[in-house]
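Report on one structure; see the data block that follows.
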Amino acid sequence: MAGVLQRETPKAGAEAVGHARPRHPRRSRSHVAVFVAPFFVVFALFFLAPIGYAVYQSFFKLTSSGLGLTEPTLDFAGLDNYTAALTSPAFLGSIGRVLLFSLIEVPVMVVCALTLALLLDSARARFRAFFRVSFFLPYGVPGVIASLLWGFLYVPQTSPLVDALALVGLPHDFLGPGTILLAIANISTWQFAGYNMLVLIAGLQAIPQELYEAARVDGATEIRIAWHVKIPLVRAPLVLITVFTLIGTLQLFVEPLVLKPLTTAISSDYTPNLAAYNQAFAQSNIHLASAEATLIAIMSFVISFGFLRLVNRKGKRAW
Amino acid sequence: MVRRIRPATVVVMALLGAAAVYFLLPVVWVLVAATKSSADLFGTFGLWSPEPQLGTNLGRLFGTGDGLFGRWIVNSFLYAGIGALAATLLSAGAGYAMAKYPFRGREALFNLVLAGVLVPSTVLALPTYLIFSEVGITGTFWSVLLPGIVSPFGVYLARIHATAAIPDALLESARLDGAGEYRIFFGIAMKIMSPALVTIFLFQFIGVWNNYFLPLVMLSDQRLYPVTLGLAQWNSQTFRDPAFYELTVTGAAVSALLLVLTMASLQRFWRAGLTAGSVKG
């Protein structure tokens with residue numbers, strides 16, 4: 001997401017009251033609906049309705065008669081599906097796993113993106129355009145393709161990486177139970193660090209150069225300028241990339257799905273999204289799958305809003 | 001003038017160089033691997049191709065299954081292109097109206113849009129599948145195209161940009177000159193908003209192109225697959241027939257290269273878009 005999310009500034013409200021409106025009291029206002037309605041119609045159809053329908057389905061379940069001779073009946077189940085999901089060790093395990101994944105991936109991502117942005121923004125950097133394009137390029141590689149590529153680089157038979165690590169005697173098992181989560185984190189970092197770096201660079205370029213001049217006159221080194229001037233001033237974009245990384249990590253799906261055939265360390269309910277997918281298609285239980293999908297949405301909302309509230313309370317509002 | 005090279009420069013350049021190796025390695029690997037036979041893929045060093053056979057591989061890639069791969073590429077362009085174009089138009093209209101016309105419920109609607117920005121597409125895939133199967137349009141071209149025309153982020157960006165970039169005085173004078181609201185929008189507002197609109201288009205294009213969960217649950221007919229789903233499916237066949245390794249790798253190389261070239265050529269738009277988003281950040 002490009003910009004810094006922000007609500008409307010007071011100016012827009014004031015201008016609305018200020019003028020323009022009373023001048024044309026009889027002007028038809030149907031055009032407003034023509035501009036606004038198409039988006040909200042498709043938003044309702046393909047965004048709100050699916051969510052509502054999934055929530056609705058999550059309150060039902062199919063009950064088959066004892067012998068399974070008659071058609072199963074659809075019964076209101078109350079919160080049964082939610083209880084089932086939240087007491088299932090596999091689903092809870094998958095939630096724990098993505099939380100652990102977020103705990104690793106979010107700091108790694110933010111530090112990488114920030115380091116790259118500061119390096120490229122530093123006065124010492126040369127060939128900036130080349131580096132910017134190389135770092136940003138993986139963003140254009142779809143998650144599936146990225147996972148396929150790294151999959152080949154993780155498998156000993158095809159990987160020059162494994163060869164090289166083995167040659168110098170470093171550990172080189174990327175697909176074991178202890179390292180697979182890090183292997184997945186690496187794919188996410190590779191894909192999105194460059195994009196997040198661009199968001200930060202855009203923030204850094206908005207800082208007036210006089211601030212650096214002043215700091216240099218005061219004898220500050222480049223590193224001190226980075227730490228005391230640049231980082232505090234890109235706080236808002238930092239919060240933004242943190243939130244979107246957080247949301248992304250909780251949604252983990254494609255990478256483990258693609259890597260799954262390469263390793264026994266990934267189960268069919270490795271992440272919450274995989275568990276819901278598995279529930280819907282392998283187990284054909286769309287009601288439990290709906291409850292799980294709803295729980296995933298709630299979890300990602302609560303965590304991202306919680307984080308935004310936390311950072312907004314600590315300092316000035318970033319969002 | 002000979003510039004003295006400082007130690008700090010060496011450190012910075014070494015770090016940047018190492019990062020470039022990291023980011024480019026998989027791309028270089030796949031480009032090399034695309035020139036190999038399946039046997040060489042497993043038998044030779046990853047970054048060197050002793051007997052390049054790119055032509056053979058490309059021939060097989062585009063020949064398999066009556067040109068299935070070419071179809072997938074075209075499908076991806078259709079899903080992403082049409083989806084992003086429609087999303088951009090809808091977002092432009094809604095964002096512009098929300099920026100420039102006060103109306104009741106405006107802020108409530110905008111808050112709904114903001115909440116939508118935080119809902120990732122993976123959350124929506126399964127619910128969308130459920131409701132689409134209820135109306136019976138799963139498995140069709142539309143089932144992948146239609147969800148792609150909604151971009152809450154686009155509305156958000158269009159509104160922020162329109163508020164900042166379109167002066168009210170300009171709209172007033174156009175009205176005094178007798179221009180209707182639609183003409184003002186299509187003739188003036190869309191032009192001023194074009195940097196933001198390009199950004200919205202690109203984000204949505206990449207978003208739809210990269211979306212895997214949605215086509216995965218919606219489609220069963222191979223001929224409707226986007227390239228991501230098709231390649232993943234070939235990859236899952238490799239255990240059955242190792243020839244699919246060649247196809248998957250060459251296909252991955254072609255589709256990665258395709259997007260990389262697109263991204264590189266559109267780089268200036270990206271930069272403009274990134275700053276446009278944070279006008280008042």
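The values are calculated or read from the model by the stated rules, or taken from the named source; none is laboratory data. Given the structure is predicted, the values throughout are model-derived calculations rather than measurements. Here Cβ is always computed from backbone atoms with ideal geometry, including for glycine, and neighbour counts include all displayed protein chains.
Summary table below
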| quantity | calculated |
| --- | --- |
| Whichever residue in the stretch A:49-62 is under 24 Å from the mean Cα position of the chain (by Cα) and more than 8 Å from every other protein chain (Cβ to nearest Cβ) and, among such residues, is nearest to A:ALA85 (Cα to Cα) | A:VAL55 |
| Candidate set from the stretch A:230-245 (those that are touching a helix residue (DSSP H, G or I) at 6+ places or on another chain (Cβ under 6 Å), at the interface with chain B (Cβ under 10 Å from one of its Cβ atoms) and assigned to a helix (DSSP H, G or I)); member that is farthest from A:VAL302 (Cα to Cα) | A:PRO237 |
| Segments classed as helices (runs of 4 or more DSSP H), wholly inside the stretch B:1-114, with at least 2 members that are touching a residue at least 40 places away in the same chain (Cβ under 8 Å) and of a type in the set (Gly, Ala, Ser) | B:54-100 |
| Answer residue from the stretch B:32-61, given it is crowded, with 18+ Cβ neighbours inside 10 Å and at pLDDT 85 or above and is farthest from B:ILE206 (Cα to Cα) among those | B:LYS36 |
| So B:ARG6, is it of a type in the set (Lys, Arg) and surrounded by fewer than 16 Cβ atoms within 10 Å (Cβ to Cβ) | yes |
| Some residue of the stretch A:180-196 being more than 20 Å from the chain's Cα centre (by Cα) and assigned to a helix (DSSP H, G or I) | no |
| Extreme residue, surrounded by the fewest Cβ atoms within 10 Å (Cβ to Cβ), among residues of the stretch A:207-243 that are small (Gly, Ala, Ser) and farther than 16 Å from A:LEU119 by Cα | A:GLY219 |
| Of residues in the stretch A:164-205 being small (Gly, Ala, Ser) and touching a residue at least 12 places away in the same chain (Cβ under 8 Å), the one farthest from the other protein chains (Cβ to nearest Cβ) | A:GLY176 |
| Single match in B:VAL198, B:VAL113, B:VAL155 (criterion: more than 8 Å from every other protein chain (Cβ to nearest Cβ) and among the β-branched types (Val, Ile, Thr)) | B:VAL198 |
| Flag if B:LEU126 is closer than 27 Å to A:GLY248 by Cα, in a helix (DSSP H, G or I), more than 18 Å from the chain's Cα centre (by Cα) and within 7 Å of chain A (Cβ to nearest Cβ) | yes |
| Where a residue in the stretch A:122-146 is part of a loop (DSSP other than H, G, I, E, B) and its partner, wherever it lies, is of a type in the set (D, E, K, R) and crowded, with 17+ Cβ neighbours inside 10 Å, with Cβ under 7 Å and at least six apart | A:SER122/A:GLU222; A:ALA123/A:GLU222 |
| Qualifying residue in the stretch A:266-278 (condition: closer than 18 Å to A:GLN191 by Cβ and within 14 Å of chain B (Cβ to nearest Cβ)) | yes |
| Residue within the stretch B:165-182 that is in contact (Cβ under 8 Å) with a residue 24 or more places away in the chain, of a type in the set (Ser, Thr, Tyr) and either surrounded by fewer than 24 Cβ atoms within 10 Å (Cβ to Cβ) or under 29 Å from B:LEU31 (Cβ atoms) (or both) present | no |
| Residue that is surrounded by the fewest Cβ atoms within 10 Å (Cβ to Cβ) [pool: residues in the stretch B:228-245 that are assigned to a helix (DSSP H, G or I) and at the interface with another protein chain (Cβ under 8 Å from one of its Cβ atoms)] | B:SER236 |
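Okay, residues lined up against (1) in a helix (DSSP H, G or I); (2) at pLDDT below 95; (3) farther than 29 Å from A:SER268 by Cβ; (4) more than 8 Å from chain B (Cβ to nearest Cβ):
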site	(1), (2), (3), (4)
A:ARG21	no, yes, yes, no
A:PHE35	yes, no, yes, no
A:LEU92	yes, no, no, yes
A:ILE95	yes, no, no, yes
